[in-house]
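Contents: one structure, followed by commentary.
Quick note: the coordinates plus some simple rules give every number you see, no bench work behind them. None of these values were measured; they are calculated from a predicted model. So basically every Cβ, Gly included, is an ideal-geometry build from the backbone, and we count neighbours across all protein chains shown.
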Amino acid sequence: MGQEELEDLQLLVTELVTNSLRHASLQEQDLIEVDVEVEPRLVRVDVSDPGPGFDQRFLPKSPERAGQWGLFIVDRVADRWGVKIDRGFHVWFVLGRHGAAH
């Protein structure tokens, strides 16, 4: 994984964990989980928390909107991303490993 890809990975994980801390109404005993899958051509990350989540359809598509910059950044940097509810709320993203051998 190249330096730029590593920096993108760090940025996206930081944004999603920060969103969980700020918006999930966590209690002291609650956990934020970060699962990472590294494959030859991509990295997939899933950040989950027990919070209520949000509806992805209503996210701002423009940087002019106040707040929610974290998901705007995820939308611009990740190759794919999405949300799911399964024993908690998950936001996942995929980054291609462009320097990976084919």
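Close amide-amide hydrogen proximity is noted between R97 and L42, V43, each under 5 Å apart and 5 or more residues distant or on a separate chain (H modeled in the peptide plane; Pro and chain starts excluded).
Scan the stretch 13-46 for trypsin sites (Lys or Arg not before Pro) in coil per DSSP, keeping those whose Cβ has at most 15 other Cβ atoms within 10 Å, and list them by number. Write out the running numbers ahead of the final one.
Numbers: sites: R22, R41, R44; in loops: R41.
Loop-located and lightly packed - R41.
Shown for V83, V47: other C-beta atoms within 10 Å of each C-beta, ranked fewest to most, produce the order V83, V47. Model label points for Q27 and W69, set 7 angstrom from Cα along the Cα-to-Cβ axis, are 3.3 nm apart.
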